[in-house]
Every structure is written in C-alpha cells, then in structure tokens.
Amino acid sequence: MQFVFAAIRLAGEVIALQMGLSFASFFDSGSHSSLSVVSRLLTYMSLLLFVNVDGIVWMIEHLADSFEQLPYDTLTPLTGSFIDLAQLGGAIFSQALQLSLPLIFMLLAVNLALGLLNRMTPQFSAFVIGFPLTLLIGIFSLYQSMPMLLDAIQAMLLNQSQQLLLIFSAR
C-alpha cells in the first residue's frame with residue numbers, strides 16, 4: 001500500500017510546487033524526508049480514507065493470502081512477480097500525475113494570465129500580486145477538487161489491492 005501513499009505524496013509535492021508552497025515543508029518521520037504542506041494534507045486525508053474503507057482489514061487479508069500464495073518454506077523463482085512489482089513502482093508516477101493534473105492545469109492558466117498581464121502593463125508587478133493570487137486560487141482549487149481527489153484515491157486503493165492479488169496468484 002506504500003505505492004499508493006507514495007503516489008499521493010508525489011502528487012502533493014507537485015501541487016505544492018505549482019502553488020509556490022514548496023518552501024513550506026515539514027519533516028515527516030514516517031518517510032524520513034521533508035514533505036510540503038499540501039503533501040501532508042493529501043497524505044492525512046488519504047490515510048483517513050484508508051481507515052474509513054477498512055484498508056487495515058484489506059492489508060491483513062492480503063498478508064494472510066500472501067502466506068498462502070507464497071509459502072515461506074519453499075524456494076521458488078519469483079522473477080515474474082518481481083517484474084510486476086517493478087511495474088507497480090513505475091505506476092507511482094502515472095498515478096501522481098493523474099491526481100495532480102487538474103490543479104496543474106488550473107495553476108498553469110493562472111500563471112499564463114499573470115504573464116500576459118505583466119507583459120501588457122509593465123508597471124504592474126506580477127510578483128507582488130502573483131504569489132498571493134496563485135496561492136489563493138490554488139487553495140480554492142484544491143478545496144473544490146477534494147471530493148474528486150478522494151474518489152480517485154479510493155479507486156487507487158482498490159486497484160492496488162486487486163493488482164497485488166493478481167501478482168501473488170500469477171506466480
């Protein structure tokens with residue numbers, strides 16, 4: 001399940017970078033790195049969603065299934081399973097991009113509008129107005145897209161558990 005949470009953290013980092021909040025970071029003892037505010041918010045929201053949809057029960061069931069599918073007393077080659085797990089690791093980036101793309105496009109439009117405004121009126125300081133405006137629109141967009149983000153995160157959690165079952169059963 002760390003693959004899903006890594007994708008969520010990466011999406012939060014990309015969104016924070018676009019909003020201008022990449023400098024506001026805190027140390028996360030769970031991942032042993034510093035995370036931005038948006039990344040922490042998305043991580044905590046997804047963790048609450050994970051608990052709400054009985055993700056802990058899923059993890060215990062999958063752990064028990066993994067002992068049945070992959071017995072610890074036999075030495076069987078698992079090269080196909082390792083390749084599938086590596087492909088799941090590559091899915092982190094595509095899932096993070098899917099989560100952060102709506103906010104990236106919104107903030108890109110804001111930055112393009114500010115750039116055009118700065119070009120048309122040189123006496124207008126885009127830095128003075130741009131940062132608070134980008135931050136305000138980014139927070140508002142994040143607030144408006146939170147239900148869709150939570151639905152996408154829930155679908156990612158379900159998809160991840162199904163893919164892990166397929167990997168374990170396909171050996």
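The values are calculated or read from the model by the stated rules, or taken from the named source; none is laboratory data. Since this is a predicted model, take the numbers as computed values, not measurements. Virtual Cβ from ideal backbone geometry, glycine too; neighbours counted across all protein chains shown.
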Subset of region 8-54, residues closer than 21 Å to L165 by Cα and surrounded by 19 or more Cβ atoms within 10 Å (Cβ to Cβ), comes to F50
Can you run down the residue pairs with Cβ atoms below 6 Å, 6 or more apart or on separate chains, where the first is in region 53-65 and among the aromatic types (F, W, Y) and the partner is outside any loop (DSSP other than H, G, I, E, B)? W58/S161
Identity of the residue in region 128-141, surrounded by 10 or more Cβ atoms within 10 Å (Cβ to Cβ) and without any contact (Cβ under 8 Å) to a residue 40 or more places away in the chain, that ends up nearest to the chain's Cα centre (by Cα): S141
Among L103, L116, L112, which is among the aliphatic types (A, V, I, L, M) and surrounded by 14 or more Cβ atoms within 10 Å (Cβ to Cβ)? L103
Please state which of the following conditions L158 fails to meet, knowing it meets all the rest: (1) surrounded by 12 or more Cβ atoms within 10 Å (Cβ to Cβ); (2) more than 21 Å from the chain's Cα centre (by Cα). (2)
The residue that is farthest from M156 (Cα to Cα), considering only those in region 1-32 that are among the aliphatic types (A, V, I, L, M) and without any contact (Cβ under 8 Å) to a residue 24 or more places away in the chain, is A24
Kindly list, by first and then second residue, each pair from a residue in region 84-109 that is closer than 18 Å to T43 by Cβ to a residue that is at pLDDT 90 or above and not hydrophobic (A, V, I, L, M, F, W, C), limited to pairs with Cβ atoms under 6 Å and residues at least 6 apart or on different chains. L103/S141
Pairs please, first residue from region 145-169 and within 17 Å of V51 (Cα to Cα) and basic (K, R), second anywhere and at pLDDT 80 or above and in a helix (DSSP H, G or I), Cβ atoms under 8 Å, 6+ apart in sequence or on different chains. none
